[in-house]
1. The conditions are (1) farther than 27 Å from Y73 by Cβ; (2) among the acidic types (D, E); (3) out of contact with any Ser or Thr (no Cβ under 7 Å at 6 or more places or on another chain); (4) free of Cβ contacts under 8 Å to residues at least 60 places away in the same chain, and E172 fails exactly one of them. Which is it?
2. Just give me the residues in segment 67-102 being aliphatic (A, V, I, L, M) and surrounded by fewer than 17 Cβ atoms within 10 Å (Cβ to Cβ), in sequence order.
3. Pick out the one residue from R39, R51 that is under 21 Å from Q146 (Cβ atoms), out of contact with any Ser or Thr (no Cβ under 6 Å at 6 or more places or on another chain) and surrounded by fewer than 23 Cβ atoms within 10 Å (Cβ to Cβ).
4. Out of the residues in segment 190-204 that are in contact with a helix residue (DSSP H, G or I) (Cβ under 8 Å, 6 or more places away or on another chain) and within 21 Å of A72 (Cβ to Cβ), state the one that is surrounded by the most Cβ atoms within 10 Å (Cβ to Cβ).
5. How about segment 45-98: which of its residues are assigned to a loop (DSSP other than H, G, I, E, B) and in contact with a Phe, Trp or Tyr (Cβ under 8 Å, 6 or more places away or on another chain)?
6. Name the single residue, out of those in segment 122-164 being touching a residue at least 24 places away in the same chain (Cβ under 8 Å) and assigned to a helix (DSSP H, G or I), that is nearest to the chain's Cα centre (by Cα).
7. Filter segment 175-213 for residues that are without any contact (Cβ under 8 Å) to a residue 60 or more places away in the chain and more than 30 Å from R157 (Cβ to Cβ) and give the result.
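The values are calculated or read from the model by the stated rules, or taken from the named source; none is laboratory data. In this text, all values refer to a predicted model and were calculated from it rather than measured experimentally. Cβ placement follows ideal geometry from the backbone for every residue including glycine, while neighbour counts extend to all protein chains displayed.
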Amino acid sequence: MAARFDLAIHGSGLLPGLIALHLLGQHPEQALLLLCDDRTVCGEMLEPVVRSSLSNQALQLVEPFAVSRWPAYLVSDGGDPDRHDDEVLLIDPIQLFLELSALLAPEHMVALQGPLERKGQNLSWPGGSAEALELVDLTSMTRRDQAADILGLDAARSLPLPVLADFDTGHEPWTAFQHIPLGDERVFVRKRRFRGNAYAELIGGFGKLLSDLIAY
């Protein structure tokens, strides 16, 4: 017999896990199922978040998972990088996963190995199934066309602040890059492709979406 839940949350990256944590804080008694489209629960991508894009409530939610922070960030578009004075927090998906692991049983946090199917309250995926009174599907909001690399020493030495929007992508098939210094002679490089406003999405999209979602 399939396990029964009050609520299931489905999506990619950090946002579904943060929403789950927020809802568990409000209603710790509810049975919650977290379904992730990534290879690991909460994803594998570090997330730089501009502080001004976060509501006070959202800031309180993400601060425990910030592993680095800077007083400003850089934007590069056809020339020298421009500095913008606004604190940036680097959110670590592993830290969020560890926090959720203290609140949810391992079988209640699922990294899906295929598509999620829904028929009424019945949910199924390759190798598993469940019943949920309500499904919050964040897939369309959280799925991203992206790739990531970690570069070594030379890049790290010349990068004192994160580059949150680098539109000088050359001939690569991406809209923009982000370059995040990791503080250990490495740089995390995320490559993103966009259909809408890339600048707004890179600088404040994650924080604004999180703030909007937890406001209700």
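1. All conditions pass for E172, except number (1).
2. Passing the criteria: V67, A72, I94, L98, A102.
3. From the options R39, R51, the qualifying one is R39.
4. Applying the filter and picking the extreme gives I203.
5. Scanning segment 45-98 gives L46, D77, G78, D86, E87, D92.
6. T142
7. Within segment 175-213, R195, G196, N197, A200, D212 meet the criteria.
So that you can scan it fast, the table gives a plain yes or no per residue for (1) more than 23 Å from L18 (Cα to Cα); (2) modelled with pLDDT of 95 or more:
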site: P126; (1), (2): yes, no
site: E131; (1), (2): no, yes
site: S140; (1), (2): no, no
site: I150; (1), (2): yes, no
